[in-house]
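The values are calculated or read from the model by the stated rules, or taken from the named source; none is laboratory data. The model shown is predicted, which means the values in this text are computed figures rather than measured ones. All Cβ positions, glycine included, derive from the backbone under ideal geometry; neighbour counts span all protein chains shown.
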Amino acid sequence: MTSNTTLERILLTGATGFLGGSVSAQLIAEGQGANLSFLVRAESREQGLQRLRDNLRQHGVSEAASLALEPAQIICGDFLDTTWLPRETPRLMQIDRVINCAAVASFSKNPTIWPVNVEGTFAFAEVMSRSKRLKRFLHVGTAMCCGPQQASPISESWVFPEAREQLVDYTASKAEIERRMSAELPGLPLVVARPSIVVGHRTLGCQASGSIFWVFRMGFALESFTCGLEEQIDVIPVDYCAEALIGLTLKPTLEHDLYHISAGHQAACTFAEIDAAFAQANGAAPVGERYRKIGVDDLKQLAGDFESRIGPANPRLVLRALRLYSGFADLNYLFDNSRLINEGIAMPPRFTDYLDVCVQSSSGVSIATQMQADFK
Ligand SMILES: NC(=O)c1ccc[n+]([C@@H]2O[C@H](COP(=O)([O-])OP(=O)(O)OC[C@H]3O[C@@H](n4cnc5c(N)ncnc54)[C@H](OP(=O)(O)O)[C@@H]3O)[C@@H](O)[C@H]2O)c1
């Protein structure tokens, strides 16, 4: 997106991850590389830059563009231990816009989820709220923080369910940090963007990350899951998500302070459509009538087939993963994206438009290996 903000300094957090890597790659491709700063977990700026470059390669950034980045653009920092914040505050006060992608994005019982996603993120945002220069703090939330038992399609709302009602600690933490920043940091120019389910990349497929794609692979390999084939799922590719995040960050004025980044009604696909596209990409017949919709308690009956259908994997982990992800898939949520589209952001593509690229880039990567990335 073009803007008059070329000389502004943009700070990216989470640039060594999936969404942050894609945002970085897109800003670099737009010629903004020299204007970027990156908050990275590292012992030194050089090590931080190395970690960043390793990820940018996966996101298709050229060697030349990556080598043009300098150690001075790295701020070493960890949200788990924020004792570095006072030391780096002078540099943080030079920042015009923040895209905050850093988080522990895991459905597991990781004890760092709350300290990082809530406490550390809040400490960072509190420092940024004191900046006189900061024009926008774009925080990446998750659409799933609305909790279960909502009527779909879901509209953006600052009302959150109780933490104990959330399906996992991760979504509870993402809701709590949004609530705290908006209630307790009136000086923060906060805009929250909540992506729905981010899977693959339109041209790179799962090269940078197979996050969540393994669930589809598993469901079709097992020919069973807890969703009906006619139900829809709200999936977007990471490069579309990045485009929308950048748009929301750079646009001089916005109508709202909270946005879904989602497929919505027009671009969500049914599982039957995904089955057909997946089969075509694999040169196979769709699962179609062989597919069995089962209850979550029946998932364990599939365990005997895990090895033959999905390859070597720890059956307990697979079962746990299937149970957790079925909890979200069964919500059957579509997230309304009209606010985003009304801001002039492009319409999202459909998952089936680029699913073949995800299949090709996953060949040679086992389902179990892809799954591990989501259980940090
Ligand atoms: N992926 C999705 O489907 C999806 C959907 C909706 C919302 N989101 C949101 O998008 C954001 C990014 O998710 P993702 O999928 O890109 O996750 P990811 O690939 O796991 O990346 C997470 C990023 O956060 C950084 N990070 C983790 N712990 C940190 C800490 N203690 N201090 C500083 N940085 C830390 C990681 O750095 P290291 O490399 O050092 O670990 C990495 O750069 C999250 O806020 C997530 O809630 C994701």
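Could you list, in sequence order, all residues of the stretch 259-297 that are surrounded by fewer than 19 Cβ atoms within 10 Å (Cβ to Cβ) and part of a strand (DSSP E or B)?
Listed by number, the residues that qualify are THR270, ARG292, LYS293.
Evaluate the stretch 123-133: report whether one residue or more is in a loop (DSSP other than H, G, I, E, B), under 15 Å from the mean Cα position of the chain (by Cα) and not β-branched (Val, Ile, Thr). Even if it seems obvious, please write down each step before you answer.
Quick first cut of the stretch 123-133, residues in a loop (DSSP other than H, G, I, E, B) only: 130-133.
From what is left, the residues that are under 15 Å from the mean Cα position of the chain (by Cα) are none.
Within the stretch 123-133, none of the residues are in a loop (DSSP other than H, G, I, E, B), under 15 Å from the mean Cα position of the chain (by Cα) and not β-branched (Val, Ile, Thr).
Could you grab me the full set of residues in the stretch 310-323 that are buried (at least 17 other Cβ atoms within 10 Å of the Cβ) and outside any loop (DSSP other than H, G, I, E, B)? Even if it seems obvious, please write down each step before you answer.
The initial filter retains those residues of the stretch 310-323 that are buried (at least 17 other Cβ atoms within 10 Å of the Cβ), namely 310, 313, 318, 321-322.
Hits for the stretch 310-323 are ILE310, VAL318, ALA321, LEU322.
Looking only at the stretch 134-176, count how many residues are part of a helix (DSSP H, G or I), of a type in the set (A, V, I, L, M), over 30 Å from ARG91 (Cα atoms) and at pLDDT 95 or above. Write out each step before concluding.
If we filter the stretch 134-176 for residues that are part of a helix (DSSP H, G or I), which is where we start, we get 143-146, 163-165, 169-176.
Of the ones still in play, those that are also of a type in the set (A, V, I, L, M) are 143-144, 163, 172, 175.
Restricting the remaining residues to those that are over 30 Å from ARG91 (Cα atoms) gives 143-144, 163, 172.
Adding the requirement that they be at pLDDT 95 or above leaves 143-144, 172.
Number of matching residues: 3.
Would you check if ILE99 is at pLDDT 95 or above and over 15 Å from ASP374 (Cα atoms)?
Values: at pLDDT 95 or above: yes; over 15 Å from ASP374 (Cα atoms): yes.
Yes.
Would you list the strands (runs of 3 or more DSSP E) that sit entirely within the stretch 9-115 and hold 2 or more residues that are crowded, with 22+ Cβ neighbours inside 10 Å?
Details: elements: 10-13, 36-40, 74-76, 97-100.
Output list reads 10-13, 36-40, 97-100.
Just to be sure I understand, how many residues within the stretch 321-376 are of a type in the set (Lys, Arg) and free of Cβ contacts under 8 Å to residues at least 40 places away in the same chain?
Narrowing the stretch 321-376 to residues of a type in the set (Lys, Arg): 323, 339, 350, 376.
Subsequent filtering for residues that are free of Cβ contacts under 8 Å to residues at least 40 places away in the same chain retains 323.
Final tally of qualifying residues: 1.
Inspect the stretch 137-154 for any residue being over 24 Å from PHE271 (Cα atoms), assigned by TED's automatic domain parsing to the domain that holds GLY21, in contact (Cβ under 8 Å) with a residue 24 or more places away in the chain and in contact with a Ser or Thr (Cβ under 6 Å, 6 or more places away or on another chain) and give the result as yes or no.
So in the stretch 137-154, the residues over 24 Å from PHE271 (Cα atoms) come out as 137-141.
Cutting the leftovers down to assigned by TED's automatic domain parsing to the domain that holds GLY21 gives us 137-141.
From the residues that got through so far, the ones that are in contact (Cβ under 8 Å) with a residue 24 or more places away in the chain too are 137-141.
Adding the requirement that they be in contact with a Ser or Thr (Cβ under 6 Å, 6 or more places away or on another chain) leaves 138.
Checked the stretch 137-154: at least one residue is over 24 Å from PHE271 (Cα atoms), assigned by TED's automatic domain parsing to the domain that holds GLY21, in contact (Cβ under 8 Å) with a residue 24 or more places away in the chain and in contact with a Ser or Thr (Cβ under 6 Å, 6 or more places away or on another chain).
Only residues that are of a type in the set (D, E, K, R), assigned to a loop (DSSP other than H, G, I, E, B) and buried (at least 21 other Cβ atoms within 10 Å of the Cβ): list them for the stretch 205-237, please.
So the first thing to find is which residues in the stretch 205-237 are of a type in the set (D, E, K, R), and the list is 217, 223, 230-231, 234.
When the remaining residues are screened for being assigned to a loop (DSSP other than H, G, I, E, B), the result is 223, 230-231, 234.
Listed by number, the list holds a single entry, ASP234.
Looking at ILE197, ILE246, which one is outside the structural domain of GLY288 (by TED's automatic domain parsing), over 26 Å from ALA172 (Cβ atoms) and within 16 Å of the ligand (Cβ to nearest atom)? Lay out the reasoning, then the answer.
Details: ILE197 fails: over 26 Å from ALA172 (Cβ atoms).
Just one listed residue meets the conditions, ILE246.
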